[in-house]
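Notes follow once the structure below has been shown.
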Amino acid sequence: MGKRLVVIGNGIAGIATVDEVLRLDPDMQISIFGKERHFGYNRVLLSEVLAGKMGIDSIYLKNRDWYEKNNIDLHLGMKVVGIDTQNKKITAEDGSAISYDSLLVATGSSSYIPPIKGVEKEGVFPFRNIEDTEGILNGARDSIYEGKIVASVVYDPEGIMEKVRMSKKAIVIGGGLLGLEAARALSLHGVEVTIAHIMDRLMEQYLDETASHMLKKELERMGIRVLLNHEAAQILGYPRVRGVSFSDGGIYDADLVVIAAGIRPNIEFARRSGIKVNKGILVNDHMETSVKDIYSVGECAEHRDRTYGLVAPIMEQAKVAAGAICGSGGASYEGSIPASILKVMGISLMSIGDFSDQSADIEEIVYKDESASVYKKVLVRKDRVTGAILLGDVNDGPRILRLVKEGIDVSSMRTRILFGDQASGTATMSEADLVCRCLGITKGMIVKAIEEHGITSLNGVAKHTKACTSCRGCSSLIEQILQEALGGDYSVEPKDPPLCSCINLSQVELRDKIIEKGLKSVKDVLINFATAPGCEKCKPAISYLLNEVWIDGYEEDRSARFINDRVHANIQKDGGFSVIPRIPGGVVTSEELRKIADVADRYAVPMVKITGGQRISLFGVKKEQLPAIWSDLGMRSGHAYTKAVRTCKTCVGTQFCRFGLADSISLGVAMESRFQGLATPAKIKIGVSGCPRNCAEATIKDIGVVGIQDGWEVYVGGNGGNRVRSADLLVSVKSGDDAIRVSGLFLQYYREDGRFGERTSSFVERVGMEKIKETLFKDSLKNVRLGERLDLSLAVLKDPWEEGSKPVAVRQFEELGVYEG
């Protein structure tokens, strides 16, 4: 039986060391204690979880299979409270004790909470781990019970659904990396965010004054307020936060406060156990503590008066510690050159070495382009590079890092230091050089994966190594490695097509840019990204994106919309328009029928027709007649002219049909009333059938619901047009409430990820049902965020026919005598 290694800490440092130990000594018995209830995860990605872009399962470093495959004795949610260094035992909080031959302390760090009055109040959260992230998300929601048939985002124990509203104003205390990422994530939820930082510049550990100023301008352009030299004094309000006061007397409103004011190593229990500590747990060059057979790595370890919070040094420490634990070598850790490559608010930055050295013999080589948000600075002493800052463009980062590490004489390349030969970026890297600094993935690990698994794409590298799954700043380096390894066999993966000839960005890329830069008008988007004034293809698409991203917090430009959307009616070939009022579920009253008949007579409407969607259309209406007809009808718009949720076709179901298994009428009316007019990438048609006979043709609708013996089947992606497609079964549910809930989740997912003009049938085929189900049902935080965003979008919808009495443009409904299609 092998020796036993006990690891206290289930984070990246502990797992990296265990990985190396297993490689050196596969027979080692290993026990891991983690005080959190989750598998080890990548803290760098917590901001993506907070933003709703990733689920918790997506940020795990290892899954259950890894622990089981390696026979690891795993104790989740279990804190170690003591170490008996004499008898070589650890004690857990449940009273259990385990003996060890070697002990690794990798407890990381905890959030530093400044001495601010009132930090214990409701709505105040640190931001360091998954529990904090969940707390911020839950704390940012004001749950309001609204009965059973509403857009659900979570269930309570009895299945009652909740409608949620995100907090309106948040203050983030701390202008470091975590603070900025928290601010970005909250802003994506539509929250008005203020960053308050005690120092005179943001991210002072990584940026100089110039770079920090440029970053501040970018944040403010995104709509995030930045307060520098602001020390929080008191959290105001009771029992929930209502604001924050500062030492300068300033007071700012807030109903959510996130504290990201730095970290402190977790060392108290080590101190109590007699292990020598200072700022961290003191270790030598072999990562050994002051007590024999006890080692420490990561943020909690202090080596030569320094602690490290970056992944690259932690990976170096892990290899040395594993070698010492296994007795397999004399490798030593001599410290690391600080080098971090980050992506903050979508802006790439890299800092290397001592970038703030102001010594008399230091020379600065600087490039600065504020309009492009690019800044590069290299510090040189005696023809050797000692430090650097890169903001906005970090492609030269690995090359400059090599110049620092190897102390290369740069006297002959001074004019090329900031802009080297891009093609040689990875060719000069060694196998041990880090490519993905977020997860400690080296060039050698990527090359090995390419050779062993036959990888030919960036996605393949990400799948097998997890590289480029965090900030994604290393994508260009990985593509260079693929080119280097595969030569002519490598071809860059096809990307999503550009939005149009005016904008050389895909819709996904443009959406991300709109969020990153806080752009809220079609004009601003075109100024920033278009090579032409804009066309009939990109302008409506941009209008849609602004609506989907900012909900109602953007500047609408009607000139960027189709004529149908400008006058809220469908233009016909003769220049006339059709008027189709809303008839939910195809159920109409006799009074509504009389109104329609009276309007048809009063305005001499050329044709009145029953539509395929169980509605009534008035054809041949003149443009100037629209406001009066809408007013006389007194009915809501049916949105038959636009890319939105249009109609819900129903059969009579159990109300009248002898074959009916479910009340399709009530559910169809509820669904149409819930989602009516919601903007979508393409038109949405819904169908609800009361039994599998499917009289409402639900299985060729964008969303179809079919009654079965004990509930409902929900289908998506059907099409009855010129390319008939049977819908795919999404899920079977027990109640109509559940059918509405999952339909809403699918709708919102389609709204965010569907291409403008792409029907759900094409969307489902492109994305795949497996991915759709995983997103909607397995990713709990994504599920919550989708429901939340849907609720916010539905809450601001108005009937567009109200513009008949309050036009948004002077000549909106005047007949101009020309066809405006």
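The values are calculated or read from the model by the stated rules, or taken from the named source; none is laboratory data. Please read these numbers as outputs of a predicted model, since none were measured by experiment. Here Cβ is always computed from backbone atoms with ideal geometry, including for glycine, and neighbour counts include all displayed protein chains. Note: areas computed on protein heavy atoms with side chains; ligands, DNA, RNA excluded. Shrake-Rupley method; radii C 1.70, N 1.55, O 1.52, S 1.80 Å.
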Return only the number of the condition from (1) open to solvent by 10 Å² or more (accessible area, probe 1.4 Å); (2) outside any helix (DSSP H, G or I); (3) over 21 Å from VAL724 (Cβ atoms); (4) modelled with pLDDT of 95 or more that ILE665 does not satisfy. (2)
Search region 310-337 for residues that are under 24 Å from ASP101 (Cβ atoms) and pair each with any residue that is aliphatic (A, V, I, L, M) and assigned to a loop (DSSP other than H, G, I, E, B) when their beta-carbon atoms are under 6 Å apart and the residues are at least 6 apart or on different chains. GLN317/MET287; GLN317/VAL297; ALA318/VAL297; VAL320/MET287; VAL320/ALA331; ALA321/MET287; ALA321/VAL297; GLY323/ALA331
Among the residues that make up region 95-117, is at least one of them among the hydrophobic types (A, V, I, L, M, F, W, C), open to solvent by 40 Å² or more (accessible area, probe 1.4 Å) and in a loop (DSSP other than H, G, I, E, B)? yes
Of all residues in region 392-408, which are under 27 Å from GLU218 (Cα atoms), assigned to a loop (DSSP other than H, G, I, E, B) and either open to solvent by 10 Å² or more (accessible area, probe 1.4 Å) or aromatic (Phe, Trp, Tyr) (or both)? GLY392, ASP393, VAL394, ASN395
Go over the candidates VAL435, VAL378, VAL461, VAL366 one by one and state the one that is more than 21 Å from GLY487 (Cβ to Cβ), aliphatic (A, V, I, L, M) and either open to solvent by less than 70 Å² (accessible area, probe 1.4 Å) or in contact with a Pro (Cβ under 7 Å, 6 or more places away or on another chain) (or both). VAL378
Test for SER762: is it more than 22 Å from the chain's Cα centre (by Cα), modelled with pLDDT of 80 or more and of a type in the set (Gly, Ala, Ser): yes
Within region 375-403, tally of residues that are at pLDDT 90 or above, touching a Gly at 6+ places or on another chain (Cβ under 8 Å) and not small (Gly, Ala, Ser): 7
Across region 284-299, what is the total count of residues that are of a type outside the set (D, E, K, R) and either part of a loop (DSSP other than H, G, I, E, B) or open to solvent by 20 Å² or more (accessible area, probe 1.4 Å) (or both)? 7
What about ASP512, is it closer than 30 Å to GLU479 by Cα, of a type outside the set (A, V, I, L, M, F, W, C) and in a loop (DSSP other than H, G, I, E, B)? no
Looking at this structure, is GLY425 under 31 Å from the mean Cα position of the chain (by Cα) and modelled with pLDDT of 80 or more? no
Between a first residue in region 626-641 that is closer than 13 Å to LYS798 by Cα and a second residue that is part of a helix (DSSP H, G or I), which pairs have beta carbons less than 6 Å apart while being 6 or more apart in sequence or on different chains? SER637/PRO800; SER637/TRP801
Report the residue count in region 124-144 for those that are closer than 12 Å to LEU50 by Cβ and either at pLDDT below 85 or open to solvent by less than 10 Å² (accessible area, probe 1.4 Å) (or both). 8
Check off (1) open to solvent by less than 60 Å² (accessible area, probe 1.4 Å); (2) touching a Lys or Arg at 6+ places or on another chain (Cβ under 9 Å); (3) farther than 18 Å from PRO114 by Cα; (4) at pLDDT below 90 for ARG184 and give me the number that stays unchecked. (2)
Can you name the residue in region 760-784 that is open to solvent by 50 Å² or more (accessible area, probe 1.4 Å) and in contact (Cβ under 8 Å) with a residue 24 or more places away in the chain and is also nearest to GLY52 (Cα to Cα) among such residues? SER780
Can you tell me which condition ASP200 does not meet? The list is (1) in contact (Cβ under 8 Å) with a residue 40 or more places away in the chain; (2) open to solvent by 60 Å² or more (accessible area, probe 1.4 Å); (3) touching a Leu at 6+ places or on another chain (Cβ under 8 Å), and all the others hold. (1)
Report, by residue number, each residue of region 488-530 that is open to solvent by 40 Å² or more (accessible area, probe 1.4 Å) and at pLDDT below 85. GLY488, ASP489, SER491, VAL492, GLU493, PRO494, LYS495, ASP496, GLU516, LYS517
Is there a residue in region 673-683 that is open to solvent by less than 30 Å² (accessible area, probe 1.4 Å), among the hydrophobic types (A, V, I, L, M, F, W, C) and under 18 Å from GLN614 (Cβ atoms)? yes
Going by what's in this entry, would ALA604 be described as surrounded by 20 or more Cβ atoms within 10 Å (Cβ to Cβ) and part of a loop (DSSP other than H, G, I, E, B)? no
Which of the strands (runs of 3 or more DSSP E) contained wholly in region 673-790 include at least 3 residues that are of a type in the set (Val, Ile, Thr)? 684-689, 703-708
With the structure loaded, tell me whether ARG755 is within 23 Å of GLY677 (Cβ to Cβ), open to solvent by 30 Å² or more (accessible area, probe 1.4 Å) and modelled with pLDDT of 85 or more or whether it fails that test. yes
Answer from VAL244, VAL277, VAL258 - the residue that is closer than 30 Å to LEU104 by Cβ and of a type in the set (A, V, I, L, M): VAL277
Only one of GLN614, GLN625 that is open to solvent by 10 Å² or more (accessible area, probe 1.4 Å), out of contact with any Asp or Glu (no Cβ under 7 Å at 6 or more places or on another chain), more than 28 Å from GLY704 (Cα to Cα) and not hydrophobic (A, V, I, L, M, F, W, C): GLN625
Long-range neighbours under 7 Å by Cβ, at least six apart or interchain, first residue over 14 Å from THR426 (Cα atoms) within region 475-494, second open to solvent by less than 60 Å² (accessible area, probe 1.4 Å) and at pLDDT 75 or above: TYR490/LEU482; VAL492/GLU479; GLU493/SER457; GLU493/LEU458
If you go through region 353-383 one residue at a time, how many are assigned to a strand (DSSP E or B) and not charged (D, E, K, R)? 9
Somewhere in region 692-703, is a residue open to solvent by less than 10 Å² (accessible area, probe 1.4 Å), among the acidic types (Asp, Glu) and in contact (Cβ under 8 Å) with a residue 24 or more places away in the chain? yes
